[in-house]
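Below is one structure, written out as structure tokens; the observations come after it.
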Amino acid sequence: MQYVTQALLALVIMLILRKFYRQYQNDFYLLWSWSWLALFVNMFGSCISLANAFLLPLDHPFRIIISIITVTASLLQILWLYSGTLEISRNRKLNRKVVKAISYSILPFAILLVFLSFNDPDAGTYRILYRVGIKSLFAGIVFTACAFMLLRMTSTGIGIRFIIFSFLSYGLLQGNYFLETFLEVYQVDYPLEVPYFAGAIDIFLQALMGLGMIISVLEVEQHNLKKANSELDTFLYRSSHDLRAPLTTISGIISIIRSIDDPDKKEEYFNAIQDRLIQADNVIRDIITLRKGQKTELQIDEVDLEKEVKKEFESLIDPNNGSPKLSIEADEKTHIHTDAARLHTILTNLLSNAIKYHHEPAKAKISVSIHGTEKGFNVVLSDNGPGIDEKHLPKIFDMFYRAHRSSSGTGLGLYLVKDALEHMGGTIEVASEKGKGTTFRMHLIDHTANHS
């Protein structure tokens, strides 16, 4: 009855998490749902094993196959739960090739455990150790490690607290199962024997885990919704203001033009109108870029990072105002599979900021380093501009935030950079000192390396 209850519980939680994954597309929901599916297979297989324990001999192929399936499922449950917890605690995706490789290696390991003493009628305790005790050892270590990973998260709601408590308790309980099984093999008395109601404790802790996961998903999405609503309010207010301001100025300039006859003055005012139109156009362009970035799925192409940096830099140079300097230090090969449109957004905004915010744009010096990593490339972009005051650094990626009062930009540039990188699975950090320049450190993910 215990195994049936656990199987049904696992199936229900798995279906709920799969629904959340289809709706919100967060990968750790998918990994957690796989772990519950594996628990369902394990419990269902255990029911079949018990039903056939006295009907078929130990070495019957059907019993062996069921044992392999249940041991494999129990180990996969641990792996996928650990992977999902690692993703939510670190807030970034794991290397899928590594997760797949470990998943595939579990089957031969499970076969080895099942075939150890599989046909020896006098080796019952050893078989329990190999098939149940080893799994309990891994589960004890992994569940406890997961609890401590979640404890290190800076913000935790009640859902995560439920998960931490259940993980830690379940990990200790599984560790106790292993010790009892291990010492029984060597006929050593163990004072902390598993109580007769341990099965009920297992069910309670698993139910608490599932409840915690469901609550945590709702809390994460509630936080995302509040953030989106806040950004939408800011967006509507600032974009309407930034669009209305140049139009109001243009209206005033037109009134002035009507009252003067001096052609030179009129030309000056016409240039001012053109500047305001460019300003309004920049706001509209950034709004379109932001909307497209939030609605468009990743379009993966192979690009050469070094060539892209040079191309974007050259497109920003105004020959009439002198030429800023660009130096690049890069690996021999800098090809990456990424979203070319979003990469364009990132490079254009960072390079243009390094030029236009320099007191003398012609004397701007920009250095870029591009070096490969296991998962992609580290890109560091530094300039010799005015720098950013330390008090502004935590906010420079916020929507419409301007660190420089004299800024003529929309305040969306660095927000667009951060938004594009988040969609691409990358990261960005900034370091700056007033009067000494600014450095941006990015990690770009190679999507072929991680999703092939």
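Quick notes
- Qualifying residue in segment 345-359 (condition: surrounded by fewer than 16 Cβ atoms within 10 Å (Cβ to Cβ), in the same structural domain as ALA431 (by TED's automatic domain parsing) and either under 28 Å from the mean Cα position of the chain (by Cα) or not basic (Lys, Arg) (or both)): yes
- Matching residues in segment 1-57 - criterion: being closer than 19 Å to SER83 by Cα and in a loop (DSSP other than H, G, I, E, B): GLN25, ASN26
- Criterion: of a type in the set (A, V, I, L, M, F, W, C), under 29 Å from the mean Cα position of the chain (by Cα) and buried (at least 17 other Cβ atoms within 10 Å of the Cβ) - qualifying residue of ILE66, ILE106: ILE106
- Residue that is surrounded by the fewest Cβ atoms within 10 Å (Cβ to Cβ) [pool: residues in segment 236-266 that are within 26 Å of TYR415 (Cα to Cα) and either among the charged types (D, E, K, R) or at pLDDT 80 or above (or both)]: ARG244
- Criterion violated by LEU350 - all others in (1) more than 17 Å from GLY435 (Cα to Cα); (2) free of Cβ contacts under 8 Å to residues at least 60 places away in the same chain satisfied: (2)
- Filter pass, TYR190 being of a type in the set (Phe, Trp, Tyr) and assigned to a helix (DSSP H, G or I): no
- Out of ILE163, ILE158, sole residue that is surrounded by 14 or more Cβ atoms within 10 Å (Cβ to Cβ) and within 23 Å of GLU87 (Cβ to Cβ): ILE163
- When residues of segment 69-92 are limited to those that are among the polar types (S, T, N, Q) and over 12 Å from VAL142 (Cβ atoms), the one surrounded by the most Cβ atoms within 10 Å (Cβ to Cβ): THR70
- Within segment 139-155, the set of residues being surrounded by 15 or more Cβ atoms within 10 Å (Cβ to Cβ) and either of a type outside the set (Gly, Ala, Ser) or out of contact with any helix residue (DSSP H, G or I) (no Cβ under 8 Å at 6 or more places or on another chain) (or both) comprises ILE141, VAL142, PHE143, THR144, CYS146, MET149, LEU150.
- Hits in segment 58-91 (condition: outside any helix (DSSP H, G or I) and touching a helix residue (DSSP H, G or I) at 6+ places or on another chain (Cβ under 9 Å)): LEU58
The values are calculated or read from the model by the stated rules, or taken from the named source; none is laboratory data. Fair warning: this is a prediction, and the values are worked out from it, not measured in the lab. Cβ coordinates were reconstructed from backbone atoms using ideal geometry, including for glycine residues, and neighbour counts include every protein chain displayed.
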